[in-house]
1. How high is the relative contact order of region 143-233, in percent, counting Cα pairs under 8 Å that sit 6 or more residues apart?
2. Note down the magnitude of the dipole of the chain about its Cα centre, charges +1 on Lys and Arg C-beta and -1 on Asp and Glu C-beta and zero elsewhere, to the nearest 20 debye.
3. For region 113-180, which GluC sites (Glu not before Pro) are both in a DSSP coil and crowded by at most 14 other Cβ atoms within 10 Å?
4. Explain nothing, just the number: dipole magnitude of region 127-179 about its Cα centre with +1 on each Lys and Arg Cβ and -1 on each Asp and Glu Cβ, in debye rounded to the nearest 20.
5. Quick one: check the C-alpha center-to-center distance for region 137-190 versus region 46-62, whole angstrom.
6. Give me log10 I(q)/I(0) at q = 0.07, 0.12, 0.15 Å⁻¹ for the chain, Debye formula, one equal scatterer per alpha-carbon, no solvent.
7. Once you list every other residue whose beta carbon is under 12 Å from the beta carbon of Ser266, what net charge do they have if Lys and Arg are +1 and Asp and Glu are -1?
Amino acid sequence: MLKKSVFAVLVVLMLLLAACGGSNEAADSSDEAAVDTTINCGDVEVGELPDLGGQDVYMAVENAYPPFNYLDENGEGIGWDYDIGRALCDLLNCTPVFTEAAWDGIFPAMAAGEYDVLFDGVTFTAERDETVDFSCAYVILGQVLLVRVDEDRFSTADEFAADENLVVSTQITTTNEMVAHDFVGVDRTKSFEDFGLAVQALLSGDVDAVVIDTLTASGFMGQNPGEMKIAATITSDEQLALVFPPDSDLKEPFTNALHAMAADGSLQSINDTWFNP
């Protein structure tokens, strides 16, 4: 599971404007199901949208990953995931049942069918594709170094990596953690249960940066105005997609509904609301 102007890059990469790049390792090494994932949600014809008869669809969210999902001041879940989940069910005649789930262990839970679909800004990888299924990619983004606003010890990712005294935080068992390990090594990475704790470690001075995706970095900056900034970009080609249990009968309807939302502009509208406010 990742915020030049970062938003300008995201707008260019949004699903109605760009196809997924062939440089992505997962796309090069994956099977037929994974090839489907590399197709941008706006790049294929809309398939059949069945009537699901109002069935409950259990949608896993973390409620700690802005702007995808988090709790407002009243304790209500909000974010891109909530808006998209409701919109998809409007098209398919289903009832979204948002269920809070811890990130650690979520893929075994999905493989076991404990939830119907996982939102939470999940990055497609070939390894994950071996145990769960993915929709089309609804957005492409990268990972960055999120730092305190007064940080002046480095200005590039290379400068950060070269200073062995600098440490990053991130969330455990995410692609962000994998990138962090590749970037500065395991010994210079502190992994936390969720990104809220990783960001708090940054704000309290326990780490020097957070390895995090571009959108979520912006989400946390919005929640902590004037306290953080993006210092450098590490990656730029990660594909986010919805996740389903293997052989789920909901994968095709939900993927077709994403196609339909891409075609009528409603997906872009929700993207703009949460990704480029």
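None of the figures in this text is laboratory data; all of them are computed from the coordinates on show. Being a predicted model, the structure only gives us computed values, none of them experimental. Glycine also receives a Cβ, built like all others from the backbone with ideal geometry; neighbour counts cover every protein chain displayed.
1. Values: 150 pairs, mean separation 43.5, N = 91.
About 48 percent, as a whole number.
2. Details: 10 positive and 49 negative charges, 160 e Å.
Charge dipole, the chain, about its Cα centre: 760 debye, nearest 20.
3. Glu130, Glu164
4. Working: 3 positive and 12 negative charges, 37 e Å.
With Lys and Arg at +1 and Asp and Glu at -1, about 180 debye.
5. Spelled out, the Cα-based centre of one part sits 36 Å from the other.
6. The calculated log intensity ratios at q = 0.07, 0.12, 0.15 Å⁻¹ are -0.23, -0.70, -1.11.
7. Numbers: positive: Arg86; negative: Asp83, Asp90, Asp264, Asp272.
Summing Lys and Arg as +1 and Asp and Glu as -1 gives -3.
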